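Worksheet: one structure, shown below.
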Amino acid sequence: MSRARTGPSTARGARRAERRGHADYTGGVYGSMLAASVVIGAGSLGSFPRTELVLLLLLTGVVFWIAHVHAQLFGARLAQRPPDRRAVLNVCRDEWPIVKAAVPPAAAVAVSPLLGLDVRGALWLALSIAVAGQVGWSVAAARRAGASRRLMATTASVNLLLGLLIISFKIVLKH
């Protein structure tokens with residue numbers, strides 16, 4: 001006769017499963033839009049060397065992640081009670097998609113020479129990947145929330161429209 005395990009490891013597994021079930025990909029959508037904006041800004045100021053743009057994308061993602069963690073921890077939560085270690089780690093993890101969203105556009109810039117792209121081509125590739133990420137994160141969030149296919153299509157469309165708006169800024173800035 002086997003017994004069901006109960007104890008710390010089972011409780012930890014249950015907490016992890018609950019956190020995955022409540023995962024919020026808002027940070028990923030936001031981080032992708034932020035990355036697209038960084039690419040636009042970097043491109044409008046002149047030709048950035050690839051390494052500089054990769055670092056700019058990643059470091060901007062980290063700075064905004066820290067800002068979001070700070071806002072979450074010291075906004076409404078501080079008024080209720082000081083955050084403990086677990087709360088800090090949970091917020092850090094929950095906001096991490098902001099940084100994760102910067103990685104694909106940064107990687108695109110990094111590998112762009114292997115694709116034969118000049119800096120301008122690298123900017124367009126990174127921008128396209130950031131917008132695709134924005135759409136992907138929004139669909140993942142809707143799916144995780146149990147949204148219908150219609151609602152997933154709606155959120156994908158809205159985020160694609162927002163991405164195209166960012167791309168139009170790039171075009172208007174004559175890049």
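No lab work stands behind these numbers, since they all come straight from the coordinates. Since the model is a prediction, treat every value here as computed from it, not as a measurement. Cβ sites come from the backbone with ideal geometry, for glycine too, and all protein chains shown count toward neighbours.
On the basis of the beta-carbon distance and an R0 of 22 Å, R81 and R144 show a calculated FRET efficiency of 0.15. In a fully extended conformation the segment linking L59 and F169 would gain 37.3 nm over its present Cα-Cα distance, using 0.36 nm per residue.
Between the alpha-carbon centres of the stretch 152-174 and the stretch 82-148 there is a gap of 16 Å. Here the stretch 25-172 is treated with +1 on each Lys and Arg Cβ and -1 on each Asp and Glu Cβ, and its dipole about the Cα centre works out to around 500 debye.
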